[in-house]
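Chemist: Quick one: structure below, then a few questions.
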Amino acid sequence: QLQLVESGGGLVQPGGSLRLSCAASGFTLGYYAVGWFRQAPGKEREGVSCLSSSSGGDTYYADSVKGRFTISRDSAKNTVYLQMNSLKPEDTAVYFCAAELLGRRITSIQNMCLMPGALRDWGQGTQVTVSS
């Protein structure tokens, strides 16, 4: 099982910013597509943003976060980030990252973001609360 650790969550006022980190250990994260997902109380886990492996650089964003969130990778640190700006109360959720080797099972980063139930390797999550 891949080891992923999320960090960077917290309490922020509406309009504020946070940067989440997803750090990998024991494997090279650059070979994998990586996605950020979130789950609010009583709701299903949803894809927020996904990033292809280092050889690609393609990104996918959910409509609800386009223009506000940015996913990026630092291969030297074996870490993927999610920069979240202009946060809204509806962004409140536990945020998780997941890593996947794209292939016949998950064919694209869009599929990865739209099919969280098919992913197997997750971090423990970090809480993001947007409230005044």
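The values are calculated or read from the model by the stated rules, or taken from the named source; none is laboratory data. No experiment lies behind these values; they were computed from the predicted model shown. Heads up, the Cβs are rebuilt from the backbone with ideal geometry, glycines too, and the neighbour counts pull from every protein chain shown. To get the accessible areas, we keep the full protein, side chains included, count just its heavy atoms, and leave off ligands, DNA and RNA. Shrake-Rupley method; radii C 1.70, N 1.55, O 1.52, S 1.80 Å.
Chemist: Got a number for carbon plus sulfur as a percent of the chain's accessible area, 1.4 Å probe?
Modeler: 47 percent
Chemist: Continuing with this model, one more query. Report the relative contact order of the chain, percent, no decimals, based on alpha-carbon pairs under 8 angstrom and at least 6 residues apart.
Modeler: Relative CO of the chain lands at 37 percent.
Chemist: Further, regarding this structure: Calculate for the chain the 222 nm mean residue ellipticity that helices alone would give, adding -39,500 (n - 2.57) per DSSP H run of length 4 or more and normalising by residue count, nearest 500 deg cm²/dmol.
Modeler: Estimated from H runs of four or more residues: -1000 deg cm²/dmol.
Chemist: Find how much the distance from ARG68 to THR107 grows on full extension, using 0.36 nm per residue of separation minus their present alpha carbon separation; answer in nm with one decimal.
Modeler: 11.4 nm
Chemist: Would you mind calculating the gained length between SER7 and GLU44 on full extension (0.36 nm times residue separation, minus the Cα-Cα distance), in nm to one decimal?
Modeler: Residue separation times 0.36 nm, minus the Cα-Cα distance, leaves 11.2 nm.
Chemist: Moving on. Which whole-number value in Å² is the accessible area per residue of the chain, probe 1.4 Å?
Modeler: That works out to 50 Å² for each residue.
Chemist: What is the extension gain from ALA76 to GLN127, computed as 0.36 nm multiplied by their sequence separation minus the C-alpha to C-alpha distance, in nm to one decimal?
Modeler: 15.8 nm
Chemist: Give me the distance between the Cα centres of region 63-127 and region 1-32, rounded to whole Å.
Modeler: 9 Å
Chemist: Now for a different question. About its Cα centre, how strong a charge dipole does the chain have in debye, to the nearest 20, once Lys and Arg get +1 and Asp and Glu get -1 at the Cβ?
Modeler: In total the dipole reaches around 60 debye.
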